[in-house]
Amino acid sequence: MNAFIEMRKSYFKDKSIISFPEFYLINHSYFDEQDDIARFSLINKIASIRKLYADENITEDQIIHILCYLGENDYLDRYIVGLLIKHKTFVSGNGLSGILIKMLIDPQNTYQKLCHLLDICIECDCPLLKGENLQNVFHQHENDFDGLSMLVEYMIHFHIDDFADALLDYLGHDCPENIKMQIIDLLLHCCHLDEKNVSQLIRLKIPNESDSKLYLDYLKFISGEALPDDPGIVVVQAAFYGNPEFSGKGVSGGLGTLLRTLGNQLAKHKDVSKVITLTINNNWRDGNPFMGQLGEHHWIVRLPIFLNAEDQHVLVRKELSIKRSVAGFMKKWHVKPDIFHVRYLDNASRSIAVLCKEINIKLVFTLTPDPHRTMADQSGELACFKIDETLEKLNKIIVGDELLSIADGVVGIGGQEVKEELEQYFPQLKFEESRFSFKMIGEGINTEIDPFEFDLWRFLEDHSVKYSIGSSFRSKPVILNVGRLNRQKGQNRLIKVWGESRLWQDFNLVIIGGNRENPDEEQGRMMKSFDHYIQANPHLMARFAHVEALPNDIIRNVERKIMENTSGDYPNIYICSSLKEEFGISILEALSEKFLMFAPVKGGVKTYIENGKNGFLVDTSNWSELLRDVEKILYQSNRSKEDFEMIQERGQRTVLEKFSIEEIANKLMSLYLELKEEG
């Protein structure tokens, strides 16, 4: 029994009038006394806000009372802001506007609270902060980039140019690039300056040509012409995590690879005008343009929205900013999507969903049961989390429910088994399936990568992060792992599995992923774990290679080069050490190159890997379980090398026959056209 699944069934069966977060918190098991106090306080606050949402005859006094909670909790704040936006006529009233002004100018304001208050002003089109008050708040937050970014957005929205000179100085200071671009927006659109004038100001404040190029390019971007308008439907797909052009660095993973190859394939369809992959870029050091082409009729647009990378709740706080920025882009370039496809249970996806509803765009949503799978422990009982982690998970769960209530098309990743799992975690699917199109469609890969010749080991040495395979060990088979470095992906567990077993004697270990020059905090931790392990086990050094993230077509060629070595007693193997994979693009790619696959039993991989037939499903919950499963299969199953080769061939055939990007694109196009025809 899974207590969380039973809770979800009970909640939707009873059609409870309370919200699911309330229902969950009421039925949650005891954690500790302090946490329990916070939990019951939260239940009462959620109930208060919910009741006001349902009451059409809400009074100003009730709104004023609920405003007292603003700034206490990131996840409640978005509903408080939503409540005021819903009743925007009150915002301009004497009573409420006076209170909001006092809150805006409060010298004790946190940037979180200020951002929410400014969101209310912008969404309600009510410029409550002005004159001396605005000047005081500006000086209060001028060194706080989160608050400053929001203040500049407020000034742009209300065409306030009073601070243009002060903001102009920021162009020459150490300030995030995306805020400098906001300032350029303000100069161009609020200060009655033309492109030439702004260009001169940029050069004046940033005389170094290489430094000013980014901002001059941005000026051209925002002054540019509309995208070409060809016959056919317009599909926009969101990729708010990482760089779709470079998977494996930072938070860039297999989804970026999928969206690039899928977008290129969709754009070839005769009924498509263009595909736009929309992302948010906070790192411009890679030199990527603001708008570029990934393929014919496939555009990538990198919106320069300031997101504080150190703020784990940033998407909650910036939800409305993201919505406005996306809307502004579409208006500026005359883009009216027929289909908008989102793929995460987060507030960035929610912002797109709300925008789609506002301007009548068909929304397609890829549904995954994450974090739902983590809400029960291994015994099936409700897992215990501290209140902060509970809220983070509940936010994703409720966002998933909200997206389902808005979506026109829902896509599940995989086959019938995953569909049944989705229906357990989202019981409303059975009740509401007639309201939207619900399709189970896998993910896919490009099966036609152009080959090129290179020296494998020299290439890996050139791109290594400290470690590479010694010349005397290069004839041995390889254990390969490709992906972004983080605890979820489990490369720290994998190196231990390899080093604590017989595997290190029979295989070299090659891990590809991470940013060699500018690792983020998570990558840095993972790299240090490699260092500590190798330094404690120096006999492993020449048998281990850590290679920085590489472009996808190069990784595929590296995999082919590795597979050219089939000597020895064992095959080349790919071990995906992730705790779970919803589908696993890197797994499909390795299978297509004929690696013997070891993949997580948790997640969606089981929909295409039949254990022992075309690969193996293993327990990746900890290093000892993974070690036990891998050793059992390789060393204790009495399988010969020929037996493994048959499994490898079946794995390759599975991908070529079922998961080519052409096949996946055709299935999605069928859904998109069906929704388009519905009007």
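For this structure, a couple of remarks:
- From the coordinates shown, mean projected area of the Cα convex hull in nm² corresponds to which of (i) 38.2; (ii) 31.4; (iii) 47.3: (ii)
- Leading residue at positive end of dipole, the chain (Cβ point charges), from His269, Asn360, Ile37: His269
- Residue-count net charge about Ile63 - beta-carbon cut-off 14 Å; Lys, Arg +1, Asp, Glu -1: -1
- Neighbour-count order for Leu303, Leu480, Leu134, fewest beta carbons within 10 angstrom listed first: Leu303, Leu134, Leu480
- Residue by residue, region 487-503 carries 3J(HN,Hα) couplings of 4, 4, 7, x, 5, 5, 6, 5, 5, 6, 4, 5, x, 9, 9, 5, 4 Hz when phi is fed to the Karplus relation 6.51 cos²θ - 1.76 cosθ + 1.60 (θ = phi - 60°); x denotes Gly or Pro.
- Note that region 405-410 has calculated 3J(HN,Hα) couplings of 6, 9, 4, 9, x, 10 Hz, one per residue in order, obtained from phi through the Karplus relation 6.51 cos²θ - 1.76 cosθ + 1.60 (θ = phi - 60°); glycine and proline are x.
- With a cut-off of 14 Å on the backbone N, the residues of region 201-217 near the modelled label site 7 Å out from Glu195 along Cα-Cβ are 216-217.
- Proportion of all alpha-carbon pairs of region 440-513 beyond 14 Å (%): 71
- FRET efficiency estimate (nearest 0.05) - Cβ-Cβ, Lys15 to Lys331, R0 45 angstrom: 0.70
- Amide H contacts under 5 Å for Val410: Phe365, Ser437, Phe438, Lys439, restricted to partners 5 or more places along the chain or on a different chain, H placed in the peptide plane at 1.01 Å from N.
- The GluC sites (Glu not before Pro) found in region 545-582 that occupy coil by DSSP, while having at most 13 further C-beta atoms within 10 Å, are Glu564.
- Region 381-442, relative contact order in percent, only Cα pairs under 8 angstrom and at least six apart counted: 39
- With 0.36 nm allotted per residue and the present C-alpha distance subtracted, the Glu657-Asp169 stretch has 169.8 nm of extension available.
- Neighbour net charge for Ser19 - beta-carbon separation under 14 angstrom, K R +1, D E -1: +2
- Each part gets one Cα centre, and for region 452-478 versus region 357-403 those centres are 42 Å apart.
- Cut-off under 5 Å, modelled amide H: who pairs with Gly442 long-range: Gly414
- Legend: ranking of residues Thr654, Thr59 from fewest to most surrounding C-beta atoms inside 10 Å; resulting order Thr59, Thr654.
- FRET efficiency, Asp55 to Ser624 (Cβ-Cβ, R0 56 Å, nearest 0.05): 0.55
- Divide the volume of the convex hull around the Cα atoms of region 476-613 by the residue count and you get 112 Å³ per residue.
- For region 1-111, fraction of C-alpha pairs farther apart than 19 Å, in %: 55
- Where a label projected 7 Å from the Cα of Asn133 along Cα→Cβ would reach, residues of region 52-96 with amide N under 13 Å: 91-96
- Across all Cα pairs in region 124-184, the calculated P(r) in 10 Å bins from zero up to the longest distance comes to 21, 61, 17, 1 percent per bin.
- Listed values for region 574-591 are Karplus-derived 3J(HN,Hα) couplings in whole Hz (6.51 cos²θ - 1.76 cosθ + 1.60, θ = phi - 60°), namely 10, 10, 8, 8, 4, 4, 7, 10, 4, 8, x, 4, 5, 5, 4, 5, 5, 4, and x replaces Gly and Pro.
- Given their separation in residues at 0.36 nm each and the Cα-Cα distance between them, Glu517 and Glu72 gain 156.4 nm when the chain is fully extended.
- Think of the chain as having a plus end and a minus end, set by charges on the Cβ of Lys, Arg, Asp and Glu; of Leu588, Leu673, Ala3, Leu588 sits farthest toward the positive end of this dipole.
- Considering only alpha-carbon pairs that sit under 8 angstrom and 6 or more positions apart, the relative contact order computed for the chain is 12 percent.
- Per-residue [θ]222 nm for the chain (sum of -39500 (n - 2.57) over DSSP H runs n ≥ 4, rounded to 500): -15500 deg cm²/dmol
- Check: the chain dipole with +1 on Lys, Arg Cβ and -1 on Asp, Glu Cβ, in debye: 1020
- Rounded Å value of the spacing that divides the Cα centres of region 302-323 and region 118-140: 20
- Ile99/Lys270 FRET efficiency (R0 41 Å; Cβ-Cβ; nearest 0.05): 0.10
- Residues whose amide H comes within less than 5 Å of that of Val482, counting only those at least five positions distant or on another chain, are Ile512 (H built at 1.01 Å from N in the peptide plane).
Every read-out reported here was derived from the displayed coordinates using simple, explicitly stated rules and does not represent laboratory data. Source: prediction; values computed, not measured. Note that each Cβ is placed from the backbone with ideal geometry, even for glycine, and that neighbours are counted across all protein chains shown.
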